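Asker: One structure follows; several queries about it will come next.
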Amino acid sequence: MKELNKSDPGILFMSKPLNGHHALITGGSRGIGASISNALAALGASITIISRDIDKLKLQARHLEKKFKSSVFYTSADITDGNQIKDSFAKSVASNGPINILINNAGIGKSMPFHKMNLEFWNETISLNLTSTFLCTQQVYETMRKDGYGRIVNISSTVGLRGYPYITAYSASKHALMGLTKSLALECVRKGITVNAICPGYTETDLVTNAIDNIVQTSGKDVNEVKTEIENMSPMGRLIKPEEVAESTAWLCLPSSSSITGQAIVVAGGALM
Ligand code: NAP
């Protein structure tokens, strides 16, 4: 089921093109990661979701099992810790088989004026948004190489493609993630593995709610005024929906997306990068 045969009718006619695939989504308990787990489960993949809050994981796992009849594994892990990554990936392989789709999604997007930022703040962002992607990808890469097949999608951001004030650590981590994506894509370009990035604009999740709260606190502005300002940063004048990010991510995970690699797909309501 991994590669399309020449006689296959084409992806539009296949209802479960990811049957037999195992997708692991970091930060799959809520926000964009939960939507990606829905989209991949709908296409037939077995799912592993990893994050820290076990209750939220359990809720999302139940949802996937009930709605999509998926085989779901979930485990709590802090993916800034290499040992917890190793342990949780090993358990997920034992439960659902080799991982052939990896979505490096868990991330934080805290803001701070540069002159107030300390090393602890910097390291927290780099560790989760960048180093965890390196560590998680290493867990699956050898198996993908041996199998001659894999799909890796890194959830970057529009802040990985251009600069914005007050988020130097976030922007630096996502720019570096783009470098990892493009270079690894070329390294495994003849191995059947694709490596791509999705770059969402402001998306309706807790991350943006927290960002709005932070701006309200530091600026003294009204919450609706701040929300409107953020919505208007997109030419469409609205926030992106997590489901919209998830659909684009799922498309990159299809067997038939085999010639799309090293790309940054911008999902940002018409913002030109
Ligand atoms: P979110 O709603 O805050 O969800 C973050 C997810 O990551 C949660 O499942 C969270 O669960 C998990 N997580 C956080 N820290 C973790 C850790 N140390 N170990 C394991 N899991 C951890 O964020 P989101 O908006 O969906 O963002 C997802 C990705 O999209 C991020 O990489 C973000 O940078 C990117 N993005 C978001 C936006 C946006 O506007 N929302 C725009 C562009 C890019 P626990 O807290 O339970 O661990």
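Asker: Going through the cross-link list K91/K191; K91/K146; K86/K146, which pairs have a Cα-Cα distance over 24 Å in this structure?
Answerer: Result: K91/K191 exceed 24 Å.
Asker: Please calculate the 1.4 Å probe accessible area of I215, with all protein chains present, and give it to the nearest 10 Å².
Answerer: Ignoring ligands and nucleic acids, I215 comes out at about 60 Å².
Asker: Any number yet on Rg/Rh for the stretch 118-273, C-alpha, Kirkwood?
Answerer: On the Cα set of the stretch 118-273, Rg over Rh gives 1.01.
Asker: Could I ask something else about it? Using R₀ = 35 Å, calculate the FRET efficiency as 1/(1 + (r/R₀)^6) where r is the Cβ-Cβ separation of E225 and K69; round to 0.05. Intermediate values should be presented prior to the final figure.
Answerer: On the way: r = 45 Å, r/R0 = 1.28.
Rounded to the nearest 0.05, the efficiency is 0.20.
Asker: Still on this model: log₁₀ I(q)/I(0) of the stretch 204-273 at q = 0.27 Å⁻¹, via Debye over equal Cα point scatterers, no solvent, to two decimals?
Answerer: Debye output, listed in q order: -1.20.
Asker: For a protection proxy built on the mean count of beta-carbon atoms within 10 angstrom, sort 174-183, 128-137, 25-34, 223-232 highest first, please.
Answerer: Descending packing order for the listed peptides: 25-34, 128-137, 174-183, 223-232.
Asker: Give me the number: length gained by fully extending S76 to H115, i.e. 0.36 nm times residue separation minus the C-alpha to C-alpha distance, one decimal in nm.
Answerer: Separation in residues times 0.36 nm, less the Cα-Cα distance, equals 10.6 nm.
Asker: Taking Cα centroids, how far is the stretch 207-273 from the stretch 38-52 in Å?
Answerer: 21
Asker: Find out how many positive minus negative residues lie around A39, taking Lys and Arg as positive, Asp and Glu as negative, among other residues whose Cβ is under 11 Å from that of A39.
Answerer: -3
Asker: Around I126, what is the net charge, scoring Lys/Arg as +1 and Asp/Glu as -1 over all other residues with Cβ under 14 Å from its Cβ?
Answerer: Neighbourhood net charge equals 0.
Asker: Further, regarding this structure: Report P(r) for the chain: all Cα-Cα distances, bin width 10 Å, range 0 to the bin holding the largest distance, values in whole percent.
Answerer: That works out to 7, 30, 37, 20, 6, 1, 0, in percent per bin.
Asker: For the pair K86/R190, report the inter-label distance in nm, with labels modelled 7 Å from Cα in the Cβ direction.
Answerer: 3.3
Asker: Using the Karplus curve 6.51 cos²θ - 1.76 cosθ + 1.60 with θ = phi - 60°, work out ³J(HN,Hα) for each residue of the stretch 184-199 in order, rounded to whole Hz, and write x for Gly and Pro.
Answerer: 5, 4, 6, 5, 10, 5, 9, 9, x, 10, 10, 10, 9, 10, 9, 10
Asker: Follow-up question, since we're still on this one. Counting helices only, and only those DSSP H runs with n ≥ 4, report the 222 nm mean residue ellipticity of the chain as the sum of -39,500 (n - 2.57) divided by its residues, in deg cm²/dmol to the nearest 500.
Answerer: After summing the helix terms and dividing by residue count, I get -14000 deg cm²/dmol.
Asker: Here is a follow-up. Students often forget the sequence filter, so: which aspartates and glutamates lie under 14 Å Cα-Cα from K110 once same-chain residues fewer than 8 apart are removed?
Answerer: List returned: E120, E124, D206, D213.
Asker: Among 101-111, 51-61, what's the highest-first ranking by average C-beta atoms within 10 angstrom per residue?
Answerer: 101-111, 51-61
Asker: Right, here's the next one. Taking amide H positions as placed 1.01 Å from N in the peptide plane, with prolines and chain starts having none, which residues 5 or more places from G150, or on another chain, fall under 5 Å of its amide H?
Answerer: Hits under the 5 Å cutoff: I193, T194.
Asker: Tell me the label-point distance for the pair Q138, S183, using the 7 Å Cα-to-Cβ offset, in nm and rounded to one decimal.
Answerer: Rounded to a tenth, the inter-label distance reads 1.4 nm.
Asker: Okay, moving on. Roughly what angle does helix 54-68 make with the longest principal axis of the chain, taking Cα atoms, 0 to 90 degrees, to the nearest 10?
Answerer: Once rounded, one gets 50 degrees.
Asker: Let's test the formula: R0 of 30 Å, r as the Cβ-Cβ distance of S15 and M236. What FRET efficiency results, to the nearest 0.05?
Answerer: After rounding to 0.05, the efficiency reads 0.45.
The values are calculated or read from the model by the stated rules, or taken from the named source; none is laboratory data. In this text, all values refer to a predicted model and were calculated from it rather than measured experimentally. So basically every Cβ, Gly included, is an ideal-geometry build from the backbone, and we count neighbours across all protein chains shown. Accessible surface areas use protein heavy atoms only, side chains included; no ligands, DNA or RNA. Shrake-Rupley method; radii C 1.70, N 1.55, O 1.52, S 1.80 Å.
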